[in-house]
Every structure is written in C-alpha cells, then in structure tokens.
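Report on the following structure.
The values are calculated or read from the model by the stated rules, or taken from the named source; none is laboratory data. Keep in mind that what you see is a predicted model, and the values were worked out from it rather than measured. Because the Cβ atoms are built from the backbone with ideal geometry, glycine has one as well, and the counts that use them run over all protein chains shown.
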Amino acid sequence: MIIDVHSHAWEYPLHFNDGFRDQARVARAGVEVDLTVRYADYRATCPPETRTVVFGGKAKLSGVWVDDRYVAKYVAKHPKQLIGFLSVDPTQEGWYREMREGHEELGLRGIKLLSMYAGFMPNDPMIDPVWRFASRNKLPVLLHTGTTFIAQAPLRCTIPRLLDDVATRFPDVKIILAHLGHPYEGDCIVTIRKHPNVYSDCSALHYRPFQLYHSLSLVQEYGVWDKVLLGSDYPFTTINATLDGLRRLNKMVEGTNLPKLSADRIEQMIYRDTLKVLGLEK
C-alpha cells in the first residue's frame, strides 16, 4: 500500500481570495490554473492501492479559507481511501471552537497548520492549546514549512527548527514538517533527527530534482530515511509524478563522483506504513 500524506481538498476559486489568485497567476507566468480537487481526477494520478491524507487550509492573511465541513464531506464520500485533517488559523476568533468541532463533530483525525500563510509562529505560547489538544486526542499535526510565492506570508514563521521547541514541550505529538522544509532542508533534517515523533514529507519537490537529490543526500548522510514520508501536494503535482521523480534521481549523477541515493531506502519510503507511524491505522 502507498500512503499519500499530503493532499488537498478545496474548490477553486471559491476558497481563495483575489489577492491569492493574482499572486498564483504571477507565479505561473500569468496562467491561471483551476486547482479544484476532484476525486476521480486524483485517483487517476496514483496507484490503485493508494490511501490519502487530505486537508484544506485556513490562513486569513494569505487569502485561503476552506471550511472543515467541506473536507469532511469530501472524505465521507470515500472513507476507505481518504483520511481527513482539520485546519485552524489561530489568529482568528473562534479557532479553538472550530478545532473542537473539526475533530469531535466532523471526525477529522489530524490537524493542518499554515503558520507562515496565517502569520503566526508555531512555537508561540499563544497556540499551545493546539498542541495540548493534539496531545490529548492523539492527533498528528502537519505544518507547511519552507518557501511560498505569497508576498505577505512571513518567512520567519516557516523555519523548521521552530518545531524543536514544540517537540521538546509536547514530545508525544506526531509532527510532520512538509516539503522537507525546502529551502531549509538542513534545519528540517536536524530537527526530525533529534525528536522521535517528528517527521517530514517529500511532497512537491520532484520538479526541483537537484534540490530533492541534495535534500535526500542529507537524509542519507544523517541516517534519517525512516523519518521521511511520501506525499504529493496534489493538485500541485501527483503521486505518479512524485514516484517517477524519486526513482529517476540517481540518473542525474551517473558518470559523476557524486554519491547515489539508496534505491532500497527510496522504495521503503514509498511503501512506508505511514498510517501506523502516525497512529491512524484504524
């Protein structure tokens, strides 16, 4: 079985404001792409045995807001294949109530945080209630870490080592740092190495092949292959494209003295039982 730990559920442009759409258009050389997630389209881009973690996102500062009810309805149509995470923006009123509703009433089984996009520090004591709630209810927390094209999203809020403090204070919470923290891969890798319950995913990196090769070379050198999870970041890319990109990385270094990545460890990552790792196997 393949587990895609990083996939979205939203409707475009309904869940994005004009500012987000304008900046996304600029980032794509003036082309506006329909980012609406449709289940049939997603399933056509991954192996049939794939199970998927999906979430929306809430970040008022950056102009994205997906109600957890939308995610819950999407998951309810395909409960054997999909596992839903709720999202909160702790800068907005009512966020704690939304978090409780997302888990206790809607049955969502993890939390997605967009700290950079919402403009808060993930280790700020203000959001300790998030971490306490996750600890008490055994909910994994996945955070965006790394770069963005959104101008108003502060880079200071996305540095992976900020989670060092959180993991020290809440050691039983399973934390996933998205995108190997790129371009802060070193920060990400030393953080996941240090804490038993901190992981990363490799989503949305295969189309930067040398960066992904470099990132996984650090993973290999630090001996943390077991802390990296497979993810796509659909609809920005797909699981099939991610698998192809991962399996082609060593072709770049053929005929050079650069070290090859372990093909066996890449396959182990692809087939890792991420649901068991995160306590989501039921």
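Looking at (1) assigned to a helix (DSSP H, G or I); (2) crowded, with 24+ Cβ neighbours inside 10 Å; (3) of a type in the set (Val, Ile, Thr), can you tell me which one Thr145 breaks?
(1)
Is at least one residue of region 171-179 at positive phi, crowded, with 24+ Cβ neighbours inside 10 Å and modelled with pLDDT of 95 or more?
Of the residues in region 171-179, the ones at positive phi are 179.
After this cut, where a residue has to be crowded, with 24+ Cβ neighbours inside 10 Å as well, the list is 179.
With the extra rule that they be modelled with pLDDT of 95 or more, the set shrinks to 179.
Yes, there is a match, as at least one residue in region 171-179 is at positive phi, crowded, with 24+ Cβ neighbours inside 10 Å and modelled with pLDDT of 95 or more.
Based on what the data block shows, is Lys276 at pLDDT 95 or above, surrounded by 13 or more Cβ atoms within 10 Å (Cβ to Cβ), basic (Lys, Arg) and out of contact with any strand residue (DSSP E or B) (no Cβ under 6 Å at 6 or more places or on another chain)?
Values: at pLDDT 95 or above: yes; surrounded by 13 or more Cβ atoms within 10 Å (Cβ to Cβ): no; basic (Lys, Arg): yes; out of contact with any strand residue (DSSP E or B) (no Cβ under 6 Å at 6 or more places or on another chain): yes.
Taking the combined requirement at face value, the residue does not satisfy it.
Quick one: would you say Lys138 is basic (Lys, Arg), touching an Asp or Glu at 6+ places or on another chain (Cβ under 9 Å) and over 25 Å from Asp4 (Cα atoms)? Spell out the reasoning first.
Details: basic (Lys, Arg): yes; touching an Asp or Glu at 6+ places or on another chain (Cβ under 9 Å): yes; over 25 Å from Asp4 (Cα atoms): no.
It is false that Lys138 is basic (Lys, Arg), touching an Asp or Glu at 6+ places or on another chain (Cβ under 9 Å) and over 25 Å from Asp4 (Cα atoms).
Going by what's in this entry, would Gly57 be described as of a type in the set (Gly, Ala, Ser) and more than 21 Å from His144 (Cα to Cα)? Write out each step before concluding.
On the way: of a type in the set (Gly, Ala, Ser): yes; more than 21 Å from His144 (Cα to Cα): no.
Against the criterion (of a type in the set (Gly, Ala, Ser) and more than 21 Å from His144 (Cα to Cα)), Gly57 does not qualify.
Return the residue satisfying two criteria in turn: it lies in region 115-142 and is under 24 Å from Gln81 (Cα atoms) and assigned to a loop (DSSP other than H, G, I, E, B), and of such residues it is farthest from the chain's Cα centre (by Cα).
Narrowing region 115-142 to residues under 24 Å from Gln81 (Cα atoms): 134, 137-142.
Narrowing the set further to residues that are assigned to a loop (DSSP other than H, G, I, E, B) leaves 138-140.
Working: Lys138: 18, Leu139: 15, Pro140: 11 Å.
Among those residues, the one meeting the criterion is Lys138.
Which of the residues spanning region 225-282 are under 14 Å from the mean Cα position of the chain (by Cα) and either within 17 Å of Phe85 (Cβ to Cβ) or of a type in the set (A, V, I, L, M, F, W, C) (or both)?
Hits for region 225-282 are Val228, Leu229, Leu230, Gly231, Ser232, Asp233, Tyr234, Pro235, Phe236, Ile239, Thr274, Leu278.
Test of understanding: among Pro183, Pro196, which residue is modelled with pLDDT of 95 or more, out of contact with any strand residue (DSSP E or B) (no Cβ under 8 Å at 6 or more places or on another chain), closer than 16 Å to Pro140 by Cβ and not aliphatic (A, V, I, L, M)? Outline the logic, then answer.
Details: Pro183 fails: closer than 16 Å to Pro140 by Cβ.
Answer to the check: Pro196.
For region 51-100, list the strands (runs of 3 or more DSSP E) that sit wholly inside it and hold at least 3 residues that are without any contact (Cβ under 8 Å) to a residue 60 or more places away in the chain; which are they?
Numbers: elements: 57-59, 64-66, 82-84, 86-88.
By residue number, 64-66, 86-88.
Within region 29-43, how many residues turn out to be under 21 Å from the mean Cα position of the chain (by Cα) and part of a loop (DSSP other than H, G, I, E, B)?
Of the residues in region 29-43, 6 are under 21 Å from the mean Cα position of the chain (by Cα) and part of a loop (DSSP other than H, G, I, E, B).
If Val224 satisfies every condition in (1) without any contact (Cβ under 8 Å) to a residue 24 or more places away in the chain; (2) touching a helix residue (DSSP H, G or I) at 6+ places or on another chain (Cβ under 6 Å); (3) of a type in the set (A, V, I, L, M) but one, which is the exception?
(1)
Every residue, every condition in (1) closer than 30 Å to Arg43 by Cβ; (2) free of Cβ contacts under 8 Å to residues at least 40 places away in the same chain; (3) assigned to a loop (DSSP other than H, G, I, E, B); (4) not hydrophobic (A, V, I, L, M, F, W, C), yes or no:
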position	(1), (2), (3), (4)
Asp172	no, yes, yes, yes
Ser203	yes, no, yes, yes
Phe210	no, no, no, no
Leu218	no, yes, no, no
Lys260	no, yes, yes, yes
Arg265	yes, no, no, yes
